[in-house]
Amino acid sequence: MSTTTKLFGTNGVRGLANVELTPDKAIKIGLAIGTFFGKKNLLLGHDARTSGPMLAMAITSGLTATGCNVYFAGMAPTPSLQFAVKNHKMDGGIIITASHNPAEYNGIKVIWSDGIEISHEQEEEIEKNYFDNKTNFVSWDKLGEKKELRGINEEYITAIKTHVDVEEIVKKHFHAVIDTANSVGGLATPYLMRELGCKVTSINANIDGTFPGREPEPRPESIGALAVTVKAIGADIGIAFDGDADRSIFVDENGEIYMGDKTFAIILKQFLIKNNGATIVTPVSSSTLIKDITDMYNGKSEWTKVGSVTVSQKMKEINSKIGGEENGGVFYGPHQSVRDGAMTTALLLEIMAKTGKKLSELVAEQPQYFIEKSKIECSDEKKNLLQTKIYEQVKKENISIIDGIKIWFNDKSAILIRASGTEPVYRLYAEAKNKERAKKLVEEYSSKLEKLLQTI
Ligand code: MG
């Protein structure tokens with residue numbers, strides 16, 4: 001698709017602040033969104049980035065010009081804003097965040113009245129308004145108003161507490177270390193955990209839109225300080241959030257960092273024990289571990305394309321109450337069908353409290369898989385043809401083509417080969433019951449891809 005007709009990517013609008021995402025562009029986006037909603041009440045908030053207030057003012061200008069009332073919530077985690085949209089019966093919401101991208105980026109996510117990000121079809125309507133300059137300017141006496149809506153983070157914390165056994169968690173007096181990447185995660189989870197009886201040690205907790213502590217993507221390479229701190233001070237658990245705190249990555253008491261599949265599997269197991277026969281929603285990039293747990297505890301799985309909006313939308317469509325992604329996104333439907341770092345943290349603490357097990361023990365009792373990832377360069381123009389060529393080679397294997405190509409092998413190993421939606425690369429995710437096999441799979445398919453690329 002050509003870039004001139006696309007505004008939204010896989011997770012809303014993204015771009016370099018004041019270079020690609022300028023105030024004039026943000027006004028125009030505000031006009032397009034306001035025209036899409038049509039004179040409604042919309043909640044607006046942003047993460048900690050330096051460009052947040054500037055873009056919020058510009059978007060407010062566009063929205064009020066179309067007759068929408070803007071309720072400004074200030075700085076908040078994305079899931080807190082999503083919850084407030086539903087809780088305050090807003091017609092929709094807008095969140096200014098670039099999630100895990102570096103500090104110089106920003107972005108815009110549009111939320112529907114149920115708190116879930118709008119569908120790709122709805123995004124296309126907004127894009128059409130934007131590119132066709134279709135704007136419902138209202139007369140001077142019908143302009144929307146800008147109002148303040150404060151206290152949403154406190155309401156969000158209160159709501160999360162209704163979904164867990166607070167008394168049981170409080171009894172344990174867990175010691176937790178939280179790394180909120182100098183962003184909005186620090187506005188909710190440390191307070192939630194204090195109310196859950198935890199001793200909270202925070203790192204990178206001061207709000208600073210330049211993100212001086214670490215990059216906002218919680219990768220093992222970027223959260224080493226958290227892992228070291230947890231072990232050094234003898235804490236029970238460490239939690240790292242991304243820039244808008246919808247994703248959470250956990251560290252056990254030994255300083256071991258787990259990717260999202262492992263912690264999602266712990267939550268999923270407890271959910272299925274309580275909700276026999278439930279259907280779970282997860283992208284095809286998830287580990288076979290998720291399928292194993294679903295099968296073991298009598299659940300059904302619905303695999304989707306990669307992307308949190310797709311997972312949320314599928315949960316809504318089939319009325320599923322649980323979803324999860326390998327990048328640390330857990331969707332807990334009884335609270336809200338969106339990724340929610342604070343909710344995930346509370347659920348994990350509840351499981352630790354009720355089972356009396358340490359995080360390392362909860363992970364150790366799961367089926368074990370080793371993951372290896374890699375990527376190869378591939379220009380956007382060659383992506384489709386490469387996909388066809390790989391498909392021709394592997395179509396007789398046990399495969400899925402929901403998103404990219406996933407191949408399952410008889411020894412419980414698997415590989416996902418998928419073109420990136422945002423970069424000129426193909427990504428390979430392999431997993432196996434031992435590290436060598438996972439490594440070999442990535443190497444084998446990387447070289448296959450390189451060879452096929454030379455024929456294009
Ligand atoms: Mg995020």
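Observations on the model:
- Ranked packing of 277-288, 161-172, 340-351, 203-214, most packed first, by mean Cβ within 10 Å: 340-351, 277-288, 203-214, 161-172
- Dividing the mean sequence gap of close Cα pairs (under 8 Å, 6+ apart) by how many residues the stretch 370-453 holds gives a relative contact order of 38 percent.
- Of all DSSP bridge pairs formed entirely within the chain, close to 60 percent run antiparallel.
- Rg and Dmax [Cα atoms of the stretch 228-287; Å; Rg one decimal, Dmax integer]: 14.0, 42
- Two-site FRET efficiency, Thr355 against Lys128, from Cβ-Cβ distance with R₀ of 51 Å, rounded to 0.05: 0.50
- Shape metrics for the stretch 290-359, restricted to C-alpha atoms - Rg then Dmax, Å: 12.7, 36
- Potential lengthening between Phe137 and Val228 on full extension [0.36 nm per residue; Cα-Cα distance subtracted]: 27.3 nm
- For Glu121, neighbours were defined as the other residues whose beta-carbon sits under 12 Å from its Cβ, and their charges (Lys and Arg +1, Asp and Glu -1) total -3.
- Kirkwood-Stokes translational diffusion coefficient of the chain, alpha-carbon pairs, 20 °C, 1.002 mPa s, µm²/s: 94 µm²/s
- Residue-normalised accessible area of the stretch 370-453, given per residue in Å² at a 1.4 Å probe: 56 Å²
- About the Cα centre, charge dipole magnitude for the chain (Lys/Arg +1, Asp/Glu -1 at Cβ), debye: 540 debye
- Cβ crowding within 10 Å averaged over residues, with 227-235, 179-187 ranked highest first: 179-187, 227-235
- Computed from Cα atoms alone, the Kirkwood hydrodynamic radius reported for the stretch 50-185 is 17.1 Å.
- Of the two radii for the stretch 231-334, the radius of gyration is 0.99 times the Kirkwood radius, both from the alpha carbons; that is the Rg over Rh value.
- Per principal axis, descending, Cα span of the stretch 145-274 in whole Å: 51, 39, 26
- In this structure the stretch 13-150 gives 40 Å² per residue of accessible area when probed at 1.4 Å with all protein chains present.
- Rounded, prolate or oblate (a/c below 1.5 giving rounded, otherwise prolate when a/b exceeds b/c) for the stretch 264-324 by Cα gyration tensor: oblate
- Under Stokes-Einstein, with the Kirkwood radius over Cα pairs as Rh, the value for the stretch 168-235 at 20 °C and 1.002 mPa s is 172 µm²/s.
- Note on the stretch 33-126: the alpha carbon radius of gyration divided by the globular reference 2.2 N^0.38 Å gives 0.98.
- Lys pairs, the stretch 1-134 - Cα-Cα below 22 angstrom, 8 or more residues apart or on other chains: 29
- Whole-number D in µm²/s for the stretch 370-453 (Stokes-Einstein; Kirkwood sum over Cα pairs; 25 °C, 0.890 mPa s): 193 µm²/s
- Calculated mean residue ellipticity, 222 nm, the chain: -11500 deg cm²/dmol, from DSSP H runs (n ≥ 4) at -39500 (n - 2.57) each, averaged per residue and rounded to 500.
- The stretch 155-254, accessible surface, carbon-and-sulfur percent (1.4 angstrom probe): 50 percent
- Longest exposed-site-free window of the chain, the sites being chymotrypsin sites (Phe, Trp or Tyr not before Pro) in a DSSP loop that have at most 14 other C-beta atoms within 10 Å: 138-408
- With every protein chain in place, the stretch 13-150: carbon and sulfur % of accessible area (1.4 Å): 52 percent
- Only the Cβ atoms of Lys and Arg (+1) and of Asp and Glu (-1) were treated as charged; on that basis the dipole of the stretch 52-153 about its Cα centre amounts to roughly 420 debye.
- Apportionment of accessible area to carbon and sulfur, the stretch 370-453, percent (1.4 Å): 49 percent
- Taking the Cα centre of the stretch 370-453 as reference, the dipole from Cβ charges on Lys and Arg (+1) and Asp and Glu (-1) amounts to some 240 debye.
- Remark: the stretch 174-179, residue by residue, has Karplus-estimated 3J(HN,Hα) of 4, 9, 10, 10, 10, 10 Hz, where x stands for each Gly or Pro and the curve is 6.51 cos²θ - 1.76 cosθ + 1.60 at θ = phi - 60°.
- Phi angles of the stretch 393-403 translate, via the Karplus equation with coefficients 6.51, -1.76, 1.60 and θ = phi - 60°, into HN-Hα couplings of 6, 10, 4, 7, 7, 7, 10, 10, 10, 4, 7 Hz per residue; Gly and Pro are given as x.
- Taking every C-alpha pair closer than 8 Å and separated by at least 6 residues, the mean separation divided by the residue count of the chain gives a relative contact order of 12 percent.
- Backbone amide hydrogens, once placed in the peptide plane, bring Tyr71 within less than 5 Å of Leu42, Leu43, Leu44, Lys147, excluding anything fewer than 5 places away on its chain.
The values are calculated or read from the model by the stated rules, or taken from the named source; none is laboratory data. None of the values given here were measured: they were computed from a predicted structure. Counting neighbours? That spans all protein chains shown, and the Cβs are built from the backbone with ideal geometry, glycine included. With ligands, DNA and RNA removed, areas are computed over all heavy atoms of the protein, side chains included. Shrake-Rupley method; radii C 1.70, N 1.55, O 1.52, S 1.80 Å.
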